[in-house]
Amino acid sequence: MNNLFSLENPLMRFLARVFDMIVSNALFLICCVPVVTAGAAIAALNKVTQGIVLDRDFGTIRLFFRAFRENFKQATAAFLVLLLIFLSLACNALLVMIYLTGTLAVVLKGVLFVLAVLVLAVAVYLFPLMTRYDNALREHVKNAMILAVAKLPRTVVMVLVTSLPVLVPYFSLPTFFQTLPFFFIIGFSFMSYVSSQLLVPVFRELEGDQEAPSEEQEAPSEEQEAEDE
């Protein structure tokens, strides 16, 4: 009976990971409320789900806020630029729908759609790269562009998964309302988890013979925790 509730039990480990994802999803949504902090929240969520994929336990709340704080400047700058780009594309699409018709409207809508997909393809690599490697933002963007092309099949899957909150209401508004509880409870963590499953092998390949940072290297030291307090 004791083995049933042991953390070594596969079922208990699965339930513990689901709980971690629910907690991180709630933290993500709360940290996205001010909007300007959404970039840091995305980076922090990616850090947590990478840890779940690697089966490492650093404490979900502690790891989330540590990653939130450490990546705040870069992630916020990246998010604001991406937000500006997507808003610009959306405004242009709206103008096309209002003022243009026929073949020209279809062509311009297609161009704007392709641009949006390309930007999102870079974004799905950008935030995970920030949480794993210490580089300048320009370097992260360049590496994200390279990976988006070099790992195209993975890129397609990650773009589709990341686009779910937009794709679902586009194809079926009733289905979107039915799936809202899923997104509010665990949906964003689930999307990040899927991306992390695809990205962790990529990172290991990039690192070659070097092992991914160990738990001892990634876990906050006692001195770091003392400074945080």
Taking Cα atoms only, helix 102-132 is inclined relative to the longest principal axis of the chain by an angle, in degrees rounded to 10, of 20 degrees
Carbon/sulfur accessible area of the chain, % of total, 1.4 Å probe, equals 69 percent
From highest to lowest solvent-accessible area (probe 1.4 Å; ligands, DNA and RNA excluded), Cys32, Cys91 read Cys91, Cys32
Non-local residues with an amide H under 5 Å from the amide H of Phe58, with H modelled 1.01 Å from N and Pro and chain starts lacking one, are none
Between the modelled labels at Tyr170 and Arg69 (7 Å from Cα along Cα→Cβ) the distance in nm is 3.9 nm
A convex hull over the alpha carbons of the chain yields, per residue, a volume in Å³ of 160 Å³
Of all C-alpha pairs within region 35-155, those more than 20 angstrom apart amount in percent to 51 percent
Given all pairs of distinct Cα atoms, region 119-183 yields a Kirkwood Rh in Å of 13.1 Å
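The values are calculated or read from the model by the stated rules, or taken from the named source; none is laboratory data. What you see is a predicted model; the values in this text were computed from it and never measured. Methodologically, a virtual Cβ is constructed for each residue, glycine included, from the backbone with ideal geometry; neighbour enumeration extends over all protein chains shown. Heads up: the accessible areas ignore ligands, DNA and RNA and are worked out on the full protein's heavy atoms, side chains in. Shrake-Rupley method; radii C 1.70, N 1.55, O 1.52, S 1.80 Å.
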